[in-house]
Amino acid sequence: MGVQTSRYPGFYRLSPAERARWVAEQVGLSPEEASLLESGGLTVAEADHLVENVIGRFALPLAVAVNFQVSGREVLVPMVVEEPSVVAGLSHAARLARAGGGFRAGSEEPVMRGQIQVVDVADLEAAAQAVRAREEAIRAAAEAATPSIVARGGGFRGLEVRRFPETPAGPMLVVDLFYDVRDAMGANAVNTVCEAVAPLVAEATGGRVVLRILSNLADRRRAWAEVRIPAEALAAPGFPGERVVQGILEAQALAEVDPYRAATHNKGIMNGIDAVAIATGNDWRALEAAAHAYAAREGRYRPLTRWWREADGALGGRIELPLAVGVVGGTTQAHPLARVALKILGVASARELAEIMAAVGLAQNLAALRALATEGIQRGHMALHARQIAMAAGAVGPEVEAVAERLVAEGNIRLARAQEILQALRADHPPEGA
Ligand code: MEV
């Protein structure tokens, strides 16, 4: 599966309908699937099945980032996001990455952690040993509770017992179960498993079970991506490539030593990852929780990416983070547009999706750092702001771009000026139908 090429110079110049048509042709969307792009996909009746007390729907832009190559495959990246510059930045960074062959990505097996908390335990060490001795019985109970995951090759992958002799609520034991959830995000499966084996744990420890729930710090389900870009490919007007590399490394250095910067650095990474998560019906709060907890795993909050200069001057970069995402179950299937987004991505497994999302995070970070290290991010924002002002002045179709370009070139992004430019433009080229 997949597209022949994700490269489309000037994609941003097309109308939404033209872009949708091109994407539909590339990935073979049926007319019904293509029509969901306009309708938003989810009916109120469908929404009413997803959550409680529904009164309507809330639309957000669905966009596609172009130019991506991940592990030798061409990928179109669907993104649901309301923030200007995120999609453009990502497409641009993906184009720069092509100069070095795109992104290489990998991932671990989709193993999640479930936690069973036990209190009122007389002897923590003896209780821990008793749980370990019951591992086979726990495996059997766990797998009996999730036959469909076992049928697909997933299932129990071991357990660990950790002791907390001193907590504000007294001594306690935590039994961590490791469960391969295959192509699901896995929260439901893991929670089911925790509840199913809790009585065995209570019996083995003689204690009282309290929590039975997955951990969102999915650090056994990491994905990573790497990129290598020749310095000259990173050049920007007035900024030779080596200077851009230098600026990116300086930005990285601040994120390494300062959590205030690292939080913003990682926020930019999650701009891209969350947008793909939402488009594919995945739980972006779970991804956020995992990413930030993982960023702080060494006791200090750190950036999720690393950037360095290669011996030949090229920029090297790597991201690694937990990515608990699914392509089956939950909203990935319940939301008709999430299925379309998965088809656009051309992914068949949760691991493939996670690998693309890792590459998206790395690319989004590159886009931000390159902009910050050169002209700053406001110029890009200004172009979008100018388009909004052009539309407010009444520009339609190709007029929007023409008026916006003039506003930016003049450095005067005001409604009154937009109206003047529009008037002059229409005097030369009356709009269709006028
Ligand atoms: C804005 O949403 C994201 C950035 O602030 C990220 C960064 O500073 O690295 C541009």
> Under 8 Å by Cβ, and 6 or more places apart or on different chains, what pairs join a residue from the range 255-284 that is more than 18 Å from Leu90 (Cα to Cα) and in contact (Cβ under 8 Å) with a residue 24 or more places away in the chain with one that is outside any helix (DSSP H, G or I) and within 10 Å of the ligand (Cβ to nearest atom)?
Replying inline: Ala255/Pro303; Glu256/Pro303; Ala262/Pro303
>> So in the range 166-188, with the set limited to residues that are within 22 Å of the chain's Cα centre (by Cα) and hydrophobic (A, V, I, L, M, F, W, C), which one is farthest from Ala122 (Cα to Cα)?
In response: Ala184
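Picking from Val197, Val190, Val210, Val161, which residue would you name as being assigned to a strand (DSSP E or B) and buried (at least 16 other Cβ atoms within 10 Å of the Cβ)?
Details: Val197 fails: assigned to a strand (DSSP E or B); Val190 fails: assigned to a strand (DSSP E or B); Val210 fails: buried (at least 16 other Cβ atoms within 10 Å of the Cβ).
One residue alone meets the criteria, Val161.
Restricting the range 100-124 to residues that are of a type in the set (A, V, I, L, M) and at pLDDT 95 or above, which is surrounded by the fewest Cβ atoms within 10 Å (Cβ to Cβ)? Quick ask: steps written out before the conclusion?
Kept after step one, since they are of a type in the set (A, V, I, L, M), are these residues of the range 100-124: 105, 111-112, 116, 118-119, 121-122, 124.
Adding the requirement that they be at pLDDT 95 or above leaves 105, 111-112, 116, 118-119, 121, 124.
Values: Ala105: 24, Val111: 19, Met112: 27, Ile116: 27, Val118: 26, Val119: 17, Val121: 20, Leu124: 19.
Per the criteria, the residue is Val119.
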>> So for the range 46-58 (the condition being over 30 Å from Thr374 (Cβ atoms), hydrophobic (A, V, I, L, M, F, W, C) and surrounded by 15 or more Cβ atoms within 10 Å (Cβ to Cβ)), does at least one residue qualify?
In response: yes
>> Go through the range 153-186 and report how many residues are out of contact with any Asp or Glu (no Cβ under 7 Å at 6 or more places or on another chain), over 18 Å from Val131 (Cβ atoms) and in contact (Cβ under 8 Å) with a residue 24 or more places away in the chain.
In response: 8
> In the range 216-233, which residue that is surrounded by 18 or more Cβ atoms within 10 Å (Cβ to Cβ) and either over 24 Å from the mean Cα position of the chain (by Cα) or polar (S, T, N, Q) (or both) is nearest to Trp308 (Cα to Cα)?
Replying inline: Ala231
> Would you pick out the residues in the range 267-322 that are of a type in the set (D, E, K, R) and within 16 Å of the ligand (Cβ to nearest atom)?
Replying inline: Lys267, Asp274, Glu288, Arg302, Arg306
> Of all residues in the range 278-293, which are in contact with a Phe, Trp or Tyr (Cβ under 9 Å, 6 or more places away or on another chain) and over 18 Å from Asp219 (Cα atoms)?
Replying inline: Ile278
>> Checking Glu375 against (1) over 17 Å from the mean Cα position of the chain (by Cα); (2) within 16 Å of the ligand (Cβ to nearest atom); (3) modelled with pLDDT of 95 or more, only one condition comes out false. Which one?
In response: (3)
>> Leu29 - would you say it is in a loop (DSSP other than H, G, I, E, B), in contact (Cβ under 8 Å) with a residue 40 or more places away in the chain and away from the ligand (no atom under 16 Å from the Cβ)?
In response: yes
> Which of (1) modelled with pLDDT under 95; (2) under 18 Å from Ala275 (Cα atoms); (3) among the β-branched types (Val, Ile, Thr) does Val77 not meet, given it meets every other one?
Replying inline: (1)
> Only one of Val400, Val396 is of a type in the set (A, V, I, L, M, F, W, C) and not in a helix (DSSP H, G or I); which?
Replying inline: Val396
>> Step by step: first the residues of the range 238-254, then only those that are exposed (fewer than 15 other Cβ atoms within 10 Å of the Cβ) and more than 16 Å from the ligand (Cβ to nearest atom), then the one that is nearest to Arg302 (Cα to Cα). Which residue is that?
In response: Pro240
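The values are calculated or read from the model by the stated rules, or taken from the named source; none is laboratory data. Because the structure is predicted, anything quoted here is derived from the model rather than measured. A quick note on method: Cβ atoms are made from the backbone with ideal geometry, for glycine too, and the neighbour counts reach across all protein chains shown.
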